[in-house]
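Undergrad: This is the structure, below, for whatever I ask next.
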There are 2 protein chains.
Amino acid sequence: MSARTEQLLKEKKIKITANRILILELLLNSSHSLSIADIEEDLPWADRATIFRTLKTFEDNALLHAIKDNEKSVKYAVCSDACQVDHHKIHPHFHCDVCGNTFCLSEYNFQLPQLPDNYTANKYSLIINGICSNCQK
Amino acid sequence: MSARTEQLLKEKKIKITANRILILELLLNSSHSLSIADIEEDLPWADRATIFRTLKTFEDNALLHAIKDNEKSVKYAVCSDACQVDHHKIHPHFHCDVCGNTFCLSEYNFQLPQLPDNYTANKYSLIINGICSNCQK
DNA sequence: CTCAAGTTTGCAATTAAATTGCATCCACAT
DNA sequence: ATGTGGATGCAATTTAATTGCAAACTTGAG
Ligand SMILES: [Mn+2]
Ligand SMILES: [Mn+2]
Ligand SMILES: [Zn+2]
Ligand SMILES: [Zn+2]
């Protein structure tokens, strides 16, 4: 297990198990967010329910966040530090219509819009569809 | 059938049927977006599959748009004219965490963020969670 | 080191929404 | 008025998410 993985789990007091190590490292090493099915594919011996509950545990402990990018299934990405700061406020993510990958634009800030009168905002979720740099012709 | 309903359907060359009239009027008269289940509840004699295909037809003809507000089911709202202009670009919607309703903020404009190099945007979907004016204490 | 207590896991089953096949029915252009 | 392509109802299927439960783990106290 990498030092980073161990640190993240201990920091959040999450019990260290084989499943959690491998799922977390998979997410840490991925350039884009992953669905439960993606993880199942990469860890064929792992059980779907276990992956589901592992991700839920990570999410509950703010180790990652769930991204609903308008595709069929939910994707997950590890929170970068920058992302974690406003973990429950701003979530800009980019979905590439060519490769189908979803990227977390955690560094990326956008101007918060002014809401109509008497509306209070708790959280913003922004999904941008388009073409990523890898797929640019 | 209201004049507005008739006009919308004829304009888009959608065959006029009892189902379509009632579903469209339901959406037109609703202050917030509706799920298939919501429509089923309001039109108990209507078939789920028919509602589904009716909404799909409306969506294909840009009469309404689908909203994925991070709840379990997709919601639908009729496009206002203002909304239609940028129908495929900007979709700000507000989900109230108290009443659970989702509102189309079609008039509402926000500053488009600058994307990282080599990223091209086709569409923005913004979901804002919070408390709506009706639910404000 | 050993063990108990509480967690996590695997497997199977269930939920819930979206989606489809197909035979029949209907809107509407001619 | 009528024929035809599209719309509908009903039942079945798909697919992802979610849960129940007993067995297998992790960890810290002794
Ligand atoms: Mn993020
Ligand atoms: Mn809209
Ligand atoms: Zn791409
Ligand atoms: Zn409300």
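Undergrad: Of all residues in the range B:14-35, which are within 8 Å of DNA strand C (Cβ to nearest atom) and without any contact (Cβ under 8 Å) to a residue 40 or more places away in the chain?
TA: Hits for the range B:14-35 are B:15, B:16, B:17, B:18.
Undergrad: If you go through the range B:40-51 one residue at a time, do you hit one that is within 19 Å of the chain's Cα centre (by Cα) and among the small types (Gly, Ala, Ser)?
TA: The initial filter retains those residues of the range B:40-51 that are within 19 Å of the chain's Cα centre (by Cα), namely B:40-43, B:48-51.
After this cut, where a residue has to be among the small types (Gly, Ala, Ser) as well, the list is B:49.
Yes, the range B:40-51 contains at least one residue that is within 19 Å of the chain's Cα centre (by Cα) and among the small types (Gly, Ala, Ser).
Undergrad: Specify which of the listed residues (A:51, A:16) is at pLDDT 95 or above, assigned to a helix (DSSP H, G or I) and either within 27 Å of residue A:127 (Cβ to Cβ) or touching a helix residue (DSSP H, G or I) at 6+ places or on another chain (Cβ under 8 Å) (or both). Reasoning before the result, please.
TA: Values: A:16 fails: assigned to a helix (DSSP H, G or I).
It is A:51.
Undergrad: Inspect the range B:17-24 for any residue being more than 8 Å from DNA strand D (Cβ to nearest atom), exposed (fewer than 15 other Cβ atoms within 10 Å of the Cβ) and away from chain A (no Cβ under 14 Å) and give the result as yes or no.
TA: Of all residues in the range B:17-24, those more than 8 Å from DNA strand D (Cβ to nearest atom) come to B:21-24.
Still in the running and exposed (fewer than 15 other Cβ atoms within 10 Å of the Cβ): none.
No.
Undergrad: How about the range B:95-132: which of its residues are open to solvent by 20 Å² or more (accessible area, probe 1.4 Å) and at pLDDT below 85?
TA: Of everything in the range B:95-132, those that are open to solvent by 20 Å² or more (accessible area, probe 1.4 Å) and at pLDDT below 85 turn out to be B:106, B:107, B:108, B:109, B:111, B:112, B:114.
Undergrad: Ok, one more. I'm checking my understanding of the structure. Among residues of the range B:95-121 that are facing chain A (nearest Cβ under 7 Å) and assigned to a strand (DSSP E or B), which one is nearest to ligand 4 (Cβ to nearest atom)?
TA: B:121
Undergrad: Now for a different question. Can you tell me which of B:60, B:42 is closer than 30 Å to residue A:137 by Cα, surrounded by fewer than 19 Cβ atoms within 10 Å (Cβ to Cβ) and within 16 Å of DNA strand D (Cβ to nearest atom)?
TA: Details: B:42 fails: closer than 30 Å to residue A:137 by Cα.
Just one listed residue meets the conditions, B:60.
Undergrad: Okay, next question. I'd like the residue in the range A:33-67 that is within 24 Å of residue A:130 (Cα to Cα) and in contact with an Asp or Glu (Cβ under 9 Å, 6 or more places away or on another chain) and, out of all such residues, is nearest to ligand 1 (Cβ to nearest atom).
TA: Result: A:65.
Undergrad: Which one of these does residue A:133 not meet: (1) within 16 Å of ligand 3 (Cβ to nearest atom); (2) within 19 Å of the chain's Cα centre (by Cα); (3) at the interface with chain B (Cβ under 7 Å from one of its Cβ atoms); (4) of a type in the set (Ser, Thr, Tyr)?
TA: If we test residue A:133 against (1) within 16 Å of ligand 3 (Cβ to nearest atom); (2) within 19 Å of the chain's Cα centre (by Cα); (3) at the interface with chain B (Cβ under 7 Å from one of its Cβ atoms); (4) of a type in the set (Ser, Thr, Tyr), just (2) comes out false.
Undergrad: Another question, if that's okay. Being closer than 16 Å to residue B:74 by Cα and β-branched (Val, Ile, Thr) is the filter here, so list the residues in the range B:95-137 that pass it.
TA: B:102, B:127, B:128, listed by residue number.
Undergrad: Among the residues that make up the range A:70-89, is at least one of them closer than 28 Å to residue B:103 by Cα, among the β-branched types (Val, Ile, Thr) and part of a strand (DSSP E or B)?
TA: No; the residues of the range A:70-89 include none that is closer than 28 Å to residue B:103 by Cα, among the β-branched types (Val, Ile, Thr) and part of a strand (DSSP E or B).
The values are calculated or read from the model by the stated rules, or taken from the named source; none is laboratory data. Since we're looking at a predicted model, the values are computed, not measured. For neighbour counting, all protein chains shown are included, and Cβ atoms are generated from backbone atoms with ideal geometry for every residue, glycine included. Side chains included, ligands, DNA and RNA excluded: accessible areas come from the protein's heavy atoms. Shrake-Rupley method; radii C 1.70, N 1.55, O 1.52, S 1.80 Å.
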